Amino acid sequence: MIRPRGWQDERIAPRKYERMTMNRAGIRWVRWLAATATVLAGSLYAQAEDPPPQPGKAAQLTLNDLRTFTDVFNQVRRNYVEDVSDKELLDSAIRGMLMDLDPHSAYLARPDYKDLDDTSRGRYSGIGVNVQTEDYRIVVKAILNDSPADEAGLNPGDIITSIDGNPVKGQYLPDAIESLDGEPGTEVTLEVIPVEGGSRQVTLQREYLLMPTLNFEMLERSYGYFRMTQFHRDSATHFEQTLESIRADGIELRGIVLDLRDNPGGVLQPAVAIADGFLDEGVIVSTRGRNASMQLEFNAQPGQWLPEAPLVVLVDRGTASASEVLAGALQDHGRALIVGERTFGKGSVQSVLPLRNGAGIKLTTARYYTPSGRSIQASGILPDIVIDEGSYAVEGDLRIREADLDRHLGSEEQPGEHTSAASGSQAFPMDEVLDVLERAGLLSGAEDPTPYSADSGD
C-alpha cells in the first residue's frame, strides 16, 4: 500500500537549469508555513544590490517619523521590565518591519541565513530521524540509512521520551522536535523506549545529511510512481538519473504518477527543469515585479523525457509554491492530468538579499504566473479531477492555505484558462486514471517498494 503524506533557494542563472525533511514532519509543517522559518519555495538568491527606491510619496519619511522611532527605541531600552540590549531591539525592529509586509518576508540572522543555504543544497545537520507526534509523544517514523540514528540502532516505532535530559511530555512538541537538529559535531542525548519494550539512553553526534526528497516505486501495470517531497538544487538531476536507471534496467514505463502532495516547494529552478523535461516548447512560468530584474520568463526547450507516457500529478492543500509552478505548467500545456484537492496558493517569489553583517533578508519581490497568465496567489490550482479531501485527509489535519495567512498578498488574477489535460495528446484515461487512483486510496499495489533512490550521493 502506497499512501504517502506529507525550504531552498537558488539564483536564476542565464543558462539551462544547470526528500519530508528527516526530522521536520507532521506538526511542524503548519508552524513552518505560518512563520516561514525556512523558505516556501519559489525563491531566488540575489546577486546584485537592490536598485535605489523610486521617488514617490510612499518612499518619503519626515524628520518627525524618524524621531518617533528613536523615541520608542529609547523608551523601551529605559523602561522595559527586563534589560534588553540595543542590538536585540534593533533586530526586533528589522524583523517587525519585514513581518508586517507579508507572511513570507523575513529577516535572516546569520545562523538562519546559513541554514537557508544548507537546505537549498538538500542537506541539514541532524541525526537522521523522521518523527511525528502521537498522543503527545515523539514517535520515530523512519530512519535515514547510514545516519547517526541508524548506526545507533534506532528503529521506526521507537518513542523518544526526553532530549538532553528534558522530558518531552509537557514541552511544546515542535520545539522539542526542532532540538533534534543542531550544529554538525554537536551531541544530543535521547531517552528512548524501543519497540520491543524497556528503555535505553543513546548519545548521537549530529552531522550533515542529505534530505531524502525523491522516491520511486513500480506500480501495477508498469506505471511509475515518483514521490517528491520538496525541491533542492539537485532534485531535477536526481529525477533524470532515476529515469536513466529505469531505462538501464530495461523497464518501459507505460505512464507516470508524480506525487506532489504536501510538497511545500523549495528551489525554483529544479521545478522548472522537471517541467521542461516533460514539455517540448512554450512558457513554463513567468514572474512579474516592480523591478525590471523580476520580469522573467522561463521557456521549455525541445526534447522530452517520455513524450508518449501519460502523466498524472497528485496535489493537495499542502502543494505549494515551486510545486504549484510545476503542476500549473503541466496543466496549462495539457501534458498532465492534475488530481486531488485545490493547492496551497503561494504565488509569490522571495529574493534572498545578503546584508553586510553576514545576515540577510527574504523579501517578496514578484508574483509568478502560469503559462496561460494565471496568478494562483491565494487561490491555488484547481485540479482537473477533484477528489474529496475527506477521503484521504489525516484525522485532525490542521494544514492551512495561503489565503488563511495574515497579510497575504492578493491574487491579481489574470484572464486566461488552462487547457484541460483531456484535450492534450495523451491517451487518457490511463486505465481510468489508475482506477481513480485505487478508489482514492490514493494508490495501492506497489510491486517493488523502493528499488531506486537517486538521493544517495552528493
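The values are calculated or read from the model by the stated rules, or taken from the named source; none is laboratory data. Values in this document were obtained by computation on a predicted structure and should not be read as measured data. Heads up, the Cβs are rebuilt from the backbone with ideal geometry, glycines too, and the neighbour counts pull from every protein chain shown.
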- Query: So is Thr133 at pLDDT below 90 and in contact with a His (Cβ under 8 Å, 6 or more places away or on another chain) or not?
  - Reply: no
- From the set of residues in the range 181-215 that are assigned to a strand (DSSP E or B) and touching a helix residue (DSSP H, G or I) at 6+ places or on another chain (Cβ under 8 Å), which is nearest to Gly266 (Cα to Cα)? Leu214
- Being among the β-branched types (Val, Ile, Thr) and over 19 Å from the mean Cα position of the chain (by Cα) is the filter here, so list the residues in the range 181-229 that pass it. Thr186, Val188, Thr189, Val192, Ile193, Val195, Val202, Thr203
- Can you confirm whether the range 331-353 contains a residue that is farther than 16 Å from Pro383 by Cβ, of a type in the set (D, E, K, R) and touching a strand residue (DSSP E or B) at 6+ places or on another chain (Cβ under 7 Å)? no
- Query: What do you reckon, is Ser235 more than 26 Å from Arg221 (Cα to Cα), in contact with a helix residue (DSSP H, G or I) (Cβ under 7 Å, 6 or more places away or on another chain) and at pLDDT below 95?
  - Reply: yes
- Query: Between residues in the range 84-113 that are within 23 Å of Glu402 (Cα to Cα) and residues that are assigned to a helix (DSSP H, G or I), which pairs lie under 6 Å by C-beta distance while being six or more apart or on different chains?
  - Reply: Ser105/Leu98; Ala106/Leu98; Tyr107/Ile94; Tyr107/Arg95; Tyr107/Leu98
- Is it true that some residue in the range 216-228 is part of a loop (DSSP other than H, G, I, E, B) and either modelled with pLDDT of 90 or more or of a type in the set (A, V, I, L, M, F, W, C) (or both)? yes
- Item | Extreme residue, nearest to Arg200 (Cα to Cα), among residues of the range 138-180 that are exposed (fewer than 14 other Cβ atoms within 10 Å of the Cβ) and either among the small types (Gly, Ala, Ser) or under 21 Å from the mean Cα position of the chain (by Cα) (or both) | Gly153
- Task: Might you let me know whether the range 359-368 holds any residue that is closer than 24 Å to Leu258 by Cβ and either buried (at least 24 other Cβ atoms within 10 Å of the Cβ) or not assigned by TED's automatic domain parsing to the domain that holds Ala236 (or both)?
- Result: yes
- Between residues in the range 157-185 that are within 16 Å of Val139 (Cβ to Cβ) and outside the structural domain of Val139 (by TED's automatic domain parsing) and residues that are at pLDDT 80 or above and of a type in the set (Asp, Glu), which pairs lie under 9 Å by C-beta distance while being six or more apart or on different chains? none
- Item | Restricting the range 229-258 to residues that are of a type in the set (Asp, Glu) and in a loop (DSSP other than H, G, I, E, B), the residue that is nearest to Ile338 (Cα to Cα) | Glu252
- Task: Check Gly255, Gly265, Gly250 and return the single one that is under 22 Å from the mean Cα position of the chain (by Cα) and at pLDDT below 95.
- Result: Gly265
- Message: Yes or no: the range 325-333 includes at least one residue that is modelled with pLDDT of 95 or more, in a strand (DSSP E or B), surrounded by 24 or more Cβ atoms within 10 Å (Cβ to Cβ) and in contact with a His (Cβ under 9 Å, 6 or more places away or on another chain).
- Response: no
- Item | Every residue from the range 284-294 that is more than 18 Å from Ala236 (Cβ to Cβ) and within 25 Å of the chain's Cα centre (by Cα) | Ser286, Thr287, Arg288, Gly289, Ser293, Met294
